[in-house]
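Remarks on the structure that follows.
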Amino acid sequence: MKYLTNISLKPIITFLILISCVLSFAQNLQEYKGEVLDKNTNKPLALADLTIANSNISTITNNAGEFSIKVPDNLAQNTVTISYLGYQKLEFSLSDFKDNTKFYLSQAPTVLAQIDLVRPTDAEALVKKTFDLKGDNYFTENVNMTGFYRETIKKRNRNASLSEAVVSINKVAYNSKKNDEITLIKARKSTDYARLDTIALKLQGGPFSSLYTDVIKYPAYIFNDNTMVNYNFKFGQNTQIDNRLVYVIHFEQKKNITSPMYNGKLYIDATTYALTSAVYNLNVENREAASKLFVRKKPKTATVYPTEASYRVNYRTKDGKWYFGYSNILLTFKINWDNRWFNSKYTLQSEMAITDWNMDDTKLSLKQSKKLRPNSILQNQASGFSDPNFWGEYNIIEPEKSIENAINKIDKQLKRG
């Protein structure tokens with residue numbers, strides 16, 4: 001029997017020239033910086049959500065648990081909520097905020113065993129129900145979102161390329177078959193081509209790749225009527241987020257399926273059956289088949305194959321409706337050269353966080369000249385790195401130390417030039 005496999009996600013290796021485009025804005029804002037840590041272990045909590053009450057402004061912590069968030073003066077008295085899967089939420093007033101404050105989250109109490117008595121018994125049926133209810137649980141109107149996108153490429157453990165952008169997203173209603181649209185607001189990029197062995201290793205699709213991890217909007221990339229039967233589903237231990245019970249469902253491709261498919265975890269709200277988060281990996285054991293899903297162009301003297309392809313998507317909730325909030329993609333590739341003793345290892349990582357959104361129809365018209373295509377390569381504007389106020393009013397994901405070092409190095413190179 002021939003089994004149908006999934007449609008691959010779109011991040012593809014390619015070798016192209018980059019173009020740039022920049023705009024600038026200004027507004028009276030206050031910037032708040034801090035860290036989010038585990039109260040018991042003092043370890044940083046990466047990807048914790050921070051949202052400003054009575055607004056749609058939000059951000060996330062980086063891998064070191066650090067964050068910065070810019071808030072208009074008229075919201076300076078509002079409350080901030082910090083949320084993290086498996087932890088109790090924390091609320092505090094911006095008026096009480098002290099710069100570089102450390103915020104400690106406590107793990108949520110273990111979900112009582114008797115709660116499992118009311119848990120659904122069929123994990124696969126629950127997953128299907130989650131997708132069937134997307135019209136009830138997710139936005140059914142077009143939403144104009146502002147997102148911050150970062151893309152890094154490392155050779156071995158050294159930065160070879162850094163791209164960042166602020167984008168405007170026309171997030172189409174979840175019950176619509178139309179695809180989302182993206183407009184570039186501003187971007188900057190720098191690449192050390194010498195470190196890339198003269199190869200411009202690049203994620204084709206850029207910010208679109210992040211949107212495609214939204215499995216509720218784009219289920220065909222993982223689960224559809226043809227591929228659902230190729231997975232095994234089972235319940236894991238329950239958890240919590242924002243003091244709400246969350247079911248955890250593990251899924252993996254069946255043993256008799258040889259085509260590359262996914263395995264991972266789905267986190268489903270126990271009350272609404274909405275997907276709150278998903279973490280999953282592509283099975284790359286079949287090197288040749290997995291390579292065909294990613295590699296668009298390559299030198300004839302090179303064999304390229306992925307050794308890891310992992311994805312994450314987080315959703316946020318507002319007024320009873322859920323929406324796409326954050327995405328992370330991590331791809332690792334090996335390149336074997338015909339005329340070299342040693343291979344090359346590259347890690348490509350991209351992430352996008354929604355930092356604001358509104359339903360103002362007048363802001364949904366995207367300028368055609370700035371509109372990105374699904375196969376676009378993120379525009380290049382290396383000169384932007386010399387401007388410390390490059391991002392202006394826009395919220396970004398706080399850079400980690402390795403990225404800060406890369407930016408500082410770029411600044412020095414630009415000043416010498």
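We did not get these values from a lab; they are worked out from the coordinates using the rules stated. All values derive from a computational prediction rather than experimental measurement.
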Legend entry - Cross-link table LYS33/LYS217; LYS334/LYS401; LYS154/LYS178; LYS177/LYS300, entries beyond 27 Å C-alpha to C-alpha: LYS33/LYS217; LYS154/LYS178; LYS177/LYS300
Legend entry - Relative contact order for the stretch 205-312, counting Cα pairs under 8 Å that sit 6 or more residues apart, in percent: 18 percent
Inset, instruction - From the C-alpha gyration tensor of the stretch 77-187, pull out the three semi-axes of the equivalent ellipsoid (sqrt of 5λ each), sorted largest to smallest, in whole Å. - result: 31, 27, 19
Legend entry - Above-threshold pairs, the threshold being 24 Å between Cα atoms, out of LYS129/LYS318; LYS89/LYS129; LYS43/LYS321; LYS102/LYS186: LYS89/LYS129; LYS43/LYS321; LYS102/LYS186
Legend entry - Relative contact order computed over the stretch 260-354 (Cα-Cα under 8 Å; 6+ residues apart), in percent: 22 percent
Inset, instruction - Could you give me the radius of gyration and the Dmax of the stretch 203-265, taking only the C-alpha atoms into account and expressing both in angstrom? - result: 14.3, 40
